[in-house]
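The values are calculated or read from the model by the stated rules, or taken from the named source; none is laboratory data. A quick note: this is a predicted structure, and the numbers were derived from the prediction, not measured. Because the Cβ atoms are built from the backbone with ideal geometry, glycine has one as well, and the counts that use them run over all protein chains shown.
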């Protein structure tokens, strides 16, 4: 009690300029987990920085820096210094603590347990030999436990320290940053920090962890002393936080390499402590909630005050710089003698603010191109020696007091070239104005990349690509519509049959062999207006991942690839509105927090109603009417600290009318209208079971309904309707360890297909016709396991076991063996009742990826995939139409089975500015589907009579080099690939294609080159160019002509025997951002685009038509001239 009273009196009577320090032990007795530690704590001095360094810490403690009560805010920060888990650079924490207390923040420097250093001596490289990575990894859980104990301790003694229990955050440097991030991921109850600030953290596998539902606000700082890899991983953690709907900021000050002097000196970063305090102020942590009471008298003297130890005493009584020595002596002399004699309390007093010893340097920082003042610029003075600096205010102004002499002034701002100036203060204050030159942000800006530095080189994944949505918006786009699928086609290995194709072809796969998901819901038709635009609302997208090589085992049901598109979560804190107007469509997106921090919704809609402009483009479009719309509603509810609920609704509608007539039986139509709509719903419950274990359960509903409508002269409307209904329930369990992760799950999917129903309306000439409904069930168990086996080797192994059940009611025909399947070869039939299994398919689907690192910047990988597809499109057109028929596997249509082998080499260079990838693949697919000559699927009750099944082989080499950072970003890639099919069910012409010989697939395009260049001129202007070249796709040309009754008709003896002319195109765009050049809540962007800038007349198809007794060839073109467009987009926050 006596000691506490003395401590209370000291805080009440010291001068307001000083700060108190006291050391407190975190545990009573020996810390749990180190009961057998017999070594002693060591205190040394780093030979380079003169920083006091502590090693072999056995007794965790905190050193308190309590601000004067006149400025105290009630906010506390626990500081975790760095040192590679081998040593602790204590003074780094002390220096920061002093700056925080000056702002009224109570600071506590934490000494946490470290790996034992067996060999005493100076710090530096010599220490690493006797502390292994295994030692450090073993000690990290103990250090995390110390961090949790420190948070618990502060909350228990919040009144004692004059702090608020709901204002306790953590800040870590280097490995200390890794530690505080673990506290954020593993937070439970009283050990949850209220905010987390990792500085120069080493993220490692933390980038792969799921963000907990109750994650605290996060501020990531990556300075010039940090590695580029850590900075990129920091950006990944920031993105994970944002996707989870949590509050986060990321500030990177990694050098661009343009200033060799800076790089040579290895100068340390800016005044990020000022950045930190600004961030805390915006979060409300620097406002005074109540008057901070002095330290009370109920401190537990057994646990709250550290025992007298030689090393601990030296730290708490460390010497200050010489300039502070007199003040320090005076403060010590003011301590009552009785307190000095107390053996178990070590208290020292330090100045909160030094007396002025120099003059003031001030000035204004401006953009060199626009002259606009730049807020938030970090102004650093001699930061290699001191953490001295400030930030510019809203008017770009700064002011800082310095001692006389020579100094280095450094101005830094993300997106600008750092400016370094030498200044000399003699006997006067000085004005130093700075003009900064804009450069591109040092975050990656390339549109299509492999999934980050760590993913490219270190993860055992091949063919995994991610589209940067924000950078995609800078690319040229047809008629001003940002298009995800066109961006995908800039990737190596991704092609299409033309500009109006309904989907993409990936590594030799058909369009229906791609599993396309939007927030886990299936997309059966990915385009609007017959392939001109994609159905994904760009303003609502978060991430776009394409798996064209290694596919995780949680995905199944398609044979070629997976396109996983995620919608962003709604903001829970801030309302925002964005939208745009283009030649084609109008769009609007709103983020609406309903209950701040708990519940919010995101609404996004897009509509195209500008078809009255089509005749301006071409006279041939005068009678065309085309409208489409899509909308998204996403809700996110943070139920509590362990549970969240996400619900997504998506709908799209297309209406297209043409004078061309559909071939509906007995219908005398005057026009044809195509109408197709999608309605998807997803609900996902996420529960955190432990810091490393979580459970996700998802329910999915997807319904696609295409229609063909034909109005007759009488006014009657005849409708051909079909539909695909998919309902799915799945659950995933994810477990994350330090160097490995495991995911297991189960899935059940029910399919209900209505292939076609002809509704005659009021017509008495048209008969009602319907085709049998198909029902099927797909069940799957799956597991993925990824592990690092050392610094060079890592594996990713997955296994999916699927079972497909074709269900009744149905009538199954049995055909004569060896005969063409038709009405004449039926030998028997079996009728199945509802729910009966008509056919069972299934088996294992192994997935394997292996990575071997050749060095820090390069690696080689191998991969193998087996995938089974039970649902497919049957069509006799070059690209499937939106109304094309879907078909489940049954006793007469076997599932497609694809096996893919891949190998790749990956290399990054020039500080990860450039990236080179080289991949090769071979795919073999069994039971591919093609159509027999003269096939007609319309209202066909037995489609197997029109189908043939065979095999396919595809192989290729893909190369790509990209520049991901700087004013100029972009890439160029080249792909050589072939796709060949063979269909040979028998010798009859009705049983084979091309006489049973190999033939080219519709999308076989051997050579393709794609290039993109984006130039960020300044913050307000960017220019983009894209170039695409590919070999023309195959088509079937007549091999002869037949004359019947004097009329000539073409004869097609060989499938795909000719090619269209080569395809190439150059596009251009000019983006103008915030043309008013003023920082305000409403910011606009204009985009001027020219598509096909040199007017290449690319052929979409060549078709033949018999006219006047002879056959004429015609070439169809989609965009045969340059198309200029102007669009406007805005954001309001």
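Of all the residues that make up segment 1-39, how many are modelled with pLDDT of 80 or more and either part of a helix (DSSP H, G or I) or at negative phi (or both)?
Of the residues in that region, 12 qualify.
Could you run through segment 70-116 and say how many residues are closer than 17 Å to residue 197 by Cα, under 36 Å from the mean Cα position of the chain (by Cα) and part of a strand (DSSP E or B)?
9
Filter segment 401-416 for residues that are surrounded by fewer than 19 Cβ atoms within 10 Å (Cβ to Cβ) and within 30 Å of residue 1017 (Cα to Cα); which is modelled with the highest pLDDT?
This residue is 408.
Output the strands (runs of 3 or more DSSP E) that fall wholly within segment 1006-1055 and possess 3 or more residues being in the same structural domain as residue 488 (by TED's automatic domain parsing) and under 45 Å from the mean Cα position of the chain (by Cα), or say none.
Qualifying strands (runs of 3 or more DSSP E): 1007-1018, 1021-1030.
Could you please give the count of residues in segment 735-754 that are over 24 Å from the mean Cα position of the chain (by Cα) and farther than 16 Å from residue 724 by Cα?
Going through segment 735-754 one residue at a time, the tally reaches 3.
Here are 1097, 1110: which of them is surrounded by fewer than 17 Cβ atoms within 10 Å (Cβ to Cβ), closer than 21 Å to residue 1033 by Cβ and assigned by TED's automatic domain parsing to the domain that holds residue 575?
It is 1097.
Does residue 509 qualify as being buried (at least 24 other Cβ atoms within 10 Å of the Cβ) and assigned by TED's automatic domain parsing to the domain that holds residue 595?
Yes, satisfied.
Applying the selection to segment 917-936, what residues are at negative phi and surrounded by fewer than 20 Cβ atoms within 10 Å (Cβ to Cβ)?
Residues satisfying the conditions are 918, 920, 922, 924, 926, 931, 933, 935, 936.
I need the full set of residues from segment 558-605 which are under 20 Å from the mean Cα position of the chain (by Cα), assigned to a loop (DSSP other than H, G, I, E, B) and either free of Cβ contacts under 8 Å to residues at least 60 places away in the same chain or closer than 29 Å to residue 512 by Cα (or both), in order please.
Within segment 558-605, 568, 569 meet the criteria.
Consider residue 201 carefully, then state whether it is in a loop (DSSP other than H, G, I, E, B), in contact with a strand residue (DSSP E or B) (Cβ under 9 Å, 6 or more places away or on another chain) and buried (at least 20 other Cβ atoms within 10 Å of the Cβ).
yes
Residue 695 is checked against (1) outside any strand (DSSP E or B); (2) in contact with a strand residue (DSSP E or B) (Cβ under 6 Å, 6 or more places away or on another chain); (3) at pLDDT 80 or above and fails just one. What number does that condition carry?
With (1) outside any strand (DSSP E or B); (2) in contact with a strand residue (DSSP E or B) (Cβ under 6 Å, 6 or more places away or on another chain); (3) at pLDDT 80 or above applied to residue 695, the lone miss is (1).
Considering only residues that are surrounded by fewer than 19 Cβ atoms within 10 Å (Cβ to Cβ) and in contact with a helix residue (DSSP H, G or I) (Cβ under 8 Å, 6 or more places away or on another chain), look in segment 189-198 and name the one that is nearest to residue 243 (Cα to Cα).
Per the stated criteria, the residue is 191.
Got a number for residues in segment 146-186 being under 21 Å from residue 221 (Cα atoms) and part of a loop (DSSP other than H, G, I, E, B)?
3
For segment 105-126, enumerate the residues that are in contact with a strand residue (DSSP E or B) (Cβ under 9 Å, 6 or more places away or on another chain), more than 21 Å from residue 27 (Cβ to Cβ) and modelled with pLDDT under 90.
117, 120, 121, 122, 123
Identify, please: which residue in segment 464-503 is crowded, with 21+ Cβ neighbours inside 10 Å and in contact with a helix residue (DSSP H, G or I) (Cβ under 6 Å, 6 or more places away or on another chain) and is, among those, nearest to residue 974 (Cα to Cα)?
Among those residues, the one meeting the criterion is 494.
Does segment 755-778 contain any residue that is within 29 Å of residue 893 (Cβ to Cβ), under 30 Å from the mean Cα position of the chain (by Cα) and assigned by TED's automatic domain parsing to the domain that holds residue 701?
yes
For segment 821-845, enumerate the residues that are surrounded by 15 or more Cβ atoms within 10 Å (Cβ to Cβ) and closer than 30 Å to residue 790 by Cβ.
Passing the criteria: only 845.
Restricting to strands (runs of 3 or more DSSP E) lying wholly in segment 784-881: which have 1 or more residues that are touching a helix residue (DSSP H, G or I) at 6+ places or on another chain (Cβ under 6 Å)? Walk me through how you get there before you give the answer.
Values: elements: 793-807, 810-815, 826-832, 837-855, 858-869, 871-874.
Of the strands (runs of 3 or more DSSP E) lying wholly inside segment 784-881, those with at least 1 residues that are touching a helix residue (DSSP H, G or I) at 6+ places or on another chain (Cβ under 6 Å) span 858-869, 871-874.
Looking at residue 552 and the list (1) buried (at least 22 other Cβ atoms within 10 Å of the Cβ); (2) farther than 17 Å from residue 886 by Cβ; (3) touching a strand residue (DSSP E or B) at 6+ places or on another chain (Cβ under 7 Å), which single condition is not satisfied?
Just one mismatch for residue 552, condition (1).
Which condition does residue 451 not pass, out of (1) under 13 Å from residue 964 (Cβ atoms); (2) at pLDDT 50 or above, if it passes all the others?
(2)
Anything in segment 648-673 that is at pLDDT 90 or above and either over 22 Å from the mean Cα position of the chain (by Cα) or on the phi > 0 side of the Ramachandran plot (or both)? List them, or say none. Don't jump to the end; show me each part of the working.
Let us first name the residues in segment 648-673 that are at pLDDT 90 or above, namely 648-655.
Residues satisfying the conditions are 651, 652, 653, 654, 655.
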